[in-house]
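The values are calculated or read from the model by the stated rules, or taken from the named source; none is laboratory data. Worth saying up front: this structure is predicted, and the values here are computed from it rather than measured. With ideal geometry, Cβ positions are generated from the backbone for all residues, glycine too; neighbour counts draw on all protein chains shown.
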Amino acid sequence: MRKCSLDALQALFAHVNASMALYLPVDGSDGKAVYQKWSEGARWSHALNTVRSPKDFFFPQTEDLMKFKTAGKSIEIVDVRNAAEDFVIFGVRACDVKSFEILDRVFLTDPVDSFYASRREHGTIVSVACTRPSETCFCGTFGIDAASPAGDVSCWKTETELFWQANTPKGEAFLQLIAPLTEECGNEAVQAQQEKTAAVMKKLPLAELKADAFGGGKTKEFFDRPEWSELSQACLGCGTCTFVCPTCQCYDIKDFNTGNGVIRFRCWDSCMYSEFTKMAHGNSRLSQKERFRQRFMHKLVYYPENNDGLFSCVGCGRCLSKCPISMNIVKVMKKLGGE
């Protein structure tokens, strides 16, 4: 384990950025934290979490897949991929680190998504343990420890210092990179900080929320429950919950005629939209109730059934704070789980 003074962070960030692109949470003009590429003067935001998750770095909201150029009856396919650069994402919280495991099982399973795989190969994730969890946090429900985040490198912040621990070969390489600006140390201060965070987590409003009632093999138990009608009644179908979610992975593929060829691109989609997966014969889910049910059944039943019991929610709390009608996965779990 290594440590550095918080006062030395700007010099450390500059040192890292000289070798590879560095991204970190900064406070936006509206006071909300967003990820930005580091530049001189950029200050690390100490907000609990960013408005949008770091999923964007590996699965961006829109990206070009290929281009087509036609000349008579011939078609030329143009590969638009650029060689991925090495980059570091600093300040990732434990919940968001866990989301990468969920996304990996989707995009790195045969057939592997080469766009996603390339970014995962070149990206180094530096996590930071939470010190002040929010009232909307419930990562512990899914077995995530906010005080012990995973990632290639784990960090813990005290009042004056930042502690660094490598967890993977990429993490070891990163610690070697910052070695000139850090020093070897023990973990006593880290353990003390972890105990403080654990004590806060136990006092949160959702500390006792359990997912035991859900999981694989529960489709028949939950699919036709009458509560879905009541729960979905006020849903606007706006898709906000899916766009701030770090684990949602639905996308659409479209072609756009530029006048000088065709660009095929993909963009995020939402199961909450009425035209989601719409086919020639229509949509397979005609009501908002069906679309609402699909989202939460996937998080709590379908995904764990196909992924060794792993839930597709990490308890980050973004949907709790962003839903315009205050409907979220916690209310669904409490209603259907009998709490």
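Is it fair to say residue 88 is part of a loop (DSSP other than H, G, I, E, B), within 16 Å of the chain's Cα centre (by Cα) and either among the hydroxyl-bearing types (Ser, Thr, Tyr) or within 28 Å of residue 319 (Cβ to Cβ) (or both)? Spell out how you get there, then give the answer.
Values: part of a loop (DSSP other than H, G, I, E, B): no; within 16 Å of the chain's Cα centre (by Cα): yes; either among the hydroxyl-bearing types (Ser, Thr, Tyr) or within 28 Å of residue 319 (Cβ to Cβ) (or both): yes.
Criteria not met by residue 88.
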Item to check | Hits in segment 184-197 - residues which are exposed (fewer than 10 other Cβ atoms within 10 Å of the Cβ) and either touching a residue at least 12 places away in the same chain (Cβ under 8 Å) or not assigned by TED's automatic domain parsing to the domain that holds residue 89 (or both) | outcome: 184
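Being of a type outside the set (Lys, Arg) and touching a Ser or Thr at 6+ places or on another chain (Cβ under 9 Å) is the filter here; which residues of segment 131-144 pass it? Steps first, answer last, please.
Going through segment 131-144, the residues of a type outside the set (Lys, Arg) turn out to be 131, 133-144.
If the condition is that a residue be of a type outside the set (Lys, Arg) and touching a Ser or Thr at 6+ places or on another chain (Cβ under 9 Å), then 131, 133, 134, 136 are the ones that fit.
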Checklist entry - For segment 141-179, which residues satisfy the criterion of being without any contact (Cβ under 8 Å) to a residue 40 or more places away in the chain, crowded, with 20+ Cβ neighbours inside 10 Å and among the aliphatic types (A, V, I, L, M)? => result 153
Item to check | residue 248, sole failed condition from (1) part of a strand (DSSP E or B); (2) under 29 Å from residue 121 (Cα atoms); (3) among the hydrophobic types (A, V, I, L, M, F, W, C) | outcome: (1)
Checklist entry - Is at least one residue of segment 54-63 modelled with pLDDT under 95, crowded, with 20+ Cβ neighbours inside 10 Å and not hydrophobic (A, V, I, L, M, F, W, C)? => result no
Checklist outcome for this item: Of the residues in segment 107-162, those that are among the aromatic types (Phe, Trp, Tyr) and either more than 21 Å from residue 190 (Cβ to Cβ) or assigned to a loop (DSSP other than H, G, I, E, B) (or both) come to 107, 115, 116, 138, 142
Checklist entry - In segment 176-186, which residues are assigned to a strand (DSSP E or B) and under 22 Å from residue 18 (Cα atoms)? => result 183
Checklist entry - Among the numbered criteria (1) crowded, with 20+ Cβ neighbours inside 10 Å; (2) over 17 Å from the mean Cα position of the chain (by Cα); (3) closer than 30 Å to residue 78 by Cβ, which single criterion is violated by residue 257? => result (1)
Item to check | For residue 277: the one exception among (1) outside the structural domain of residue 333 (by TED's automatic domain parsing); (2) at positive phi | outcome: (1)
Checklist entry - If you go through segment 198-223, how many residues are surrounded by fewer than 16 Cβ atoms within 10 Å (Cβ to Cβ) and closer than 18 Å to residue 147 by Cα? => result 7
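Conditions (1) assigned to a helix (DSSP H, G or I); (2) over 22 Å from residue 313 (Cα atoms); (3) hydrophobic (A, V, I, L, M, F, W, C); (4) not assigned by TED's automatic domain parsing to the domain that holds residue 125, marked per residue:
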site	(1), (2), (3), (4)
174	yes, yes, yes, no
199	yes, yes, yes, no
210	no, no, no, yes
213	no, no, yes, yes
228	yes, no, yes, yes
235	no, no, yes, yes
Checklist entry - Do we have any residue at all in segment 135-156 that's touching a Phe, Trp or Tyr at 6+ places or on another chain (Cβ under 8 Å) and either acidic (Asp, Glu) or not assigned by TED's automatic domain parsing to the domain that holds residue 50 (or both)? => result yes
Checklist entry - Can you pull out the helices (runs of 4 or more DSSP H) entirely within segment 256-339 that have at least 2 residues that are among the basic types (Lys, Arg)? => result 288-297, 318-322, 329-337
Checklist entry - Which of the residues spanning segment 33-49 are within 18 Å of the chain's Cα centre (by Cα), of a type in the set (A, V, I, L, M, F, W, C) and in a loop (DSSP other than H, G, I, E, B)? => result 47, 48
